[in-house]
Amino acid sequence: MVPPGPASRSGLGTTSQEEQQQVLPAKAAMAGGVWGWVQETPVGALTLTAVAEGIRARQGWSREPPSTGPQPEPWELKPEAEPQTQALATHAETEPGCGATVPEAGSEPRSPEGPHQVPQSSWEEGVLADLALYTAACLEEAGFAGTQATALTLSSALEARGERLEDQVHALVRGLLAQVPSLAEGRPRRAALRVLSALALEHAQDVVCALLPRSLPPDRAAAELWRSLSRNQRVNGQVLVQLLWALKGASGSEPQALAATRALGEMLAVSGCVGATRGFYSHLLLALVTQLHELARSPRSPDMPKIWILSHRGPPHSHASCAVEALKALLTGDGGRMVVTCMEQAGGWRRLVGAHTHLEGVLLLASAMVAHADHHLRGLFADLLPRLRSADDPQRLTAMAFFTGLLQSRPTARLLREEVILERLLTWQGDPEPTVRWLGLLGLGHLALNRRKVRHVSALLPALLGALGEGDARLVGAALGALKRLLLRPRAPVRLLSSELGPRLRPLLDHTRDSVRASAVGLLGTLVRRGRGMLRLGLRGPLRRLVLQSLVPLLLRLHDPSPDAAESSEWTLARCDQAFSWGMLEEMVTVARYDSPEALSHVCRRLVRRYPGHVPNFLSQTQGYLRSPQDPLRRAATVLIGFLVHHASPGCVNQDLLDSLFHDLGRLQDDPQPAVAAAAHVSAQQVVLLARAGGPPRGLRLLRLLRLAPRPARPPPVFADSPFQRRSLAGRWGCSGPRPA
């Protein structure tokens, strides 16, 4: 018999090394051959293993019929250990519901019922939590073997009561949640957190189910337990998998999904935890992005209208921002810091949480991952394919957006045959939902970047050209972008596009959406740039007509309130000047940058002399802009008419057109914008002078004016400076500078 060891140095501490070595032979003998593996484990683990064996042995012997022979002494049933361990075993064996027990020497029997009646459930949770804490207190230096021994000891104690550990995990977790806030920092709190890790090692699903209800609304104790699980490399992977299934198994606005999102945010924020997602990283990323889509579509909670600023510190203000933080932690922990930075600079995070901009955010995220996290693209692409046919709209649309964005990566797109991808994208064009057609057009645009797909142009063009007539501006913009990418490829079908784009592109130059106008003007410039060779060979038919029909809109769009549309018009006019050898590049740039009437007069004179037969068309097109709701465009159209009429020959403009121009300009003389009214007055005088030089007019009002007015030579029009401030591009590049006068 090994004499009992002295008391430990602290109430919850382990015994000294010398004392543990004294009881080691007895514990090893008690463990027997079944637990031979513990010979190499720390002493704390051996102690608890021996305690567990003692509990199990006592349970078996106590249930046998009483024998007539001599009863064994208590010290023969379990090894002699330090008083702390003896008290632990006694506490476990004398809980209510256990079988008959033999009291330890020096201990008093406990009655199942005390003088004060406590609710059974609360009492059991407290007892289990105390048992767990005292058990783990011996394991501060025991490592992984000690964690296994903790679970074994708890299981043995509960089996002694006739219960399984699986049935009591919820009670243990609830007890820990109640005690953790009151435990001091250091050994007591570490002991409680080690118990949770021991439970999660074998019962991760039960631990997650027990903790999730306390994560919504956020609970500080629950958050600390999630973080402790995240730091344990033995269990964090299992817990993350269980949270992933909890997130995927519930709708985005259900409490389970919201709690799982917050728990994932707590765990992924711990450094090193993302490494445990190896094998299901893409599943977790897609689940978080889909959760954001579901939250964006669900009715907003009272805290959702608050604007979440990414630079704010502290907990997120909404479930959506919590999901964003979890997604950022997932990307950053895997080396994707540049992805996070690109999303912040492009406003991608704000788009992800928006109800109408979520898919745009997904496209930005896919583009950033193509550029800076390509090591996950293959797995992500493979996981997307089953989701493309999902019946759940948020899941399907999110997968479609990711699929479309990943087509920018040529190695990733080669995972499927080109024909399969093209067929899928063309099928989306027949979907009744505009969003699906929009994603299909974006995918066709990315597909057009691949130079090897020249043979698919005949299939791409009908879908892209047909989308130019869509009423949804997103579809039109996507089609324009895809056509521009198609033109940038070698051996692009310039002649075919020149003839096909003529009737479709001209109305888009005046589209109500700024981005569509800018894209349409840019597409025209790209077409002219690629068609320079045709123009030099004399093949001027379709492309020449398209440019001449678009010349007036391009000149007027130099004054477009949208900076993008104005810059695009300037760039396209420069391409046209180079292709047609006009020699007006300096004048056009001066008009665009300084709104110079003298430069515009030179441009009009050259156009009238070069294309005299097109002057009536130029005037008719300009007349349409006199009704524009935008003041800069109305004034620009009025000034352009004045210069065109001044440089036109008397016989090239018919009297009907002059009467119509005079009528509209007279109406503009009552315009509420003084600059427009003054310019209309000057241009109307030029119309009168041209009508007088061409012979007697048929308009009665114009005839009376001509009879009263003298017939001097036609002086040039003089327009006052424009009151509209010129666009300053200094602020767009992060620098400040004086605005041009």
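The values are calculated or read from the model by the stated rules, or taken from the named source; none is laboratory data. Everything quoted here is computed from the prediction, not taken from an experiment. Please note: Cβ atoms are built from the backbone with ideal geometry, for glycine as well, and neighbour counts cover all protein chains shown. Heavy atoms of the whole protein, side chains included, go into the accessibility calculation; ligands, DNA and RNA do not. Shrake-Rupley method; radii C 1.70, N 1.55, O 1.52, S 1.80 Å.
Of all the Cα-Cα pairs you can form in the stretch 414-494, what percent are over 14 Å apart?
More than 14 Å apart: 56 percent of the Cα pairs in the stretch 414-494.
I need the Debye-formula profile for the stretch 489-626: one equal scatterer per C-alpha, no solvent, reported as log10 I(q)/I(0) at q = 0.09, 0.10, 0.19, 0.20 1/Å, two decimals.
-0.24, -0.30, -1.19, -1.32
THR404: net charge of surrounding residues, Cβ under 14 Å, Lys/Arg +1, Asp/Glu -1, itself excluded?
Result for the neighbourhood of THR404: +4.
What is the calculated FRET efficiency for ASN654 to HIS375, with r their C-beta to C-beta distance and R₀ = 56 Å, to the nearest 0.05?
Computed FRET efficiency for ASN654 and HIS375 comes out at 0.20.
ARG337 to ARG424: FRET efficiency via 1/(1 + (r/R0)^6), r the Cβ-Cβ distance, R0 35 Å, to the nearest 0.05?
The value I calculate is 0.60.
Work through the residues other than SER620 whose Cβ is under 15 Å from its Cβ and net out their charges, Lys, Arg +1 and Asp, Glu -1.
-2
Rounded to the nearest 0.05, what FRET efficiency is calculated for GLN673 and ASN617 with R0 set to 22 Å and r the Cβ-Cβ distance?
0.20
Pull out the extension gain between GLN233 and LEU488, defined as 0.36 nm times the separation in residues minus the alpha carbon to alpha carbon distance; nm, one decimal.
86.7 nm
Express the carbon and sulfur contribution to the solvent-accessible surface of the stretch 329-415 as a percent, rounded to the nearest whole number, probe 1.4 angstrom.
After summing per-atom areas, the C and S share lands at 50 percent.
Can you compute the modelled spin-label distance between ASP431 and CYS209, with each label point 7 Å from Cα toward Cβ, in nm?
Going from the ASP431 label point to the CYS209 one covers 3.6 nm.
Could you run the Karplus curve 6.51 cos²θ - 1.76 cosθ + 1.60 with θ = phi - 60° over the stretch 647-654 and give me ³J(HN,Hα) per residue in whole Hz, x for Gly and Pro?
Result, rounded to whole Hz: 8, 6, 6, x, x, 8, 10, 7.
Starting from the stretch 447-530, pick out the trypsin sites (Lys or Arg not before Pro) whose DSSP state is loop and whose Cβ has at most 11 other Cβ atoms within 10 Å.
Taking the stretch 447-530 and a limit of 11 other Cβ atoms within 10 Å, the loop trypsin sites (Lys or Arg not before Pro) found are ARG491.
Kindly report the accessible area of the stretch 216-276 per residue (heavy atoms of protein chains, probe 1.4 Å, no ligands, DNA or RNA), in Å².
I get 41 Å² per residue for this part.
Give the accessible area for ASP206 in Å² (nearest 10); use a 1.4 Å probe, count only protein heavy atoms, and leave out ligands, DNA and RNA.
Per-residue accessible area (ASP206): approximately 40 Å².
Could you tally the net charge around ARG474, taking each other residue with its Cβ under 13 Å from the Cβ of ARG474, Lys/Arg +1 and Asp/Glu -1?
Neighbourhood net charge equals -2.
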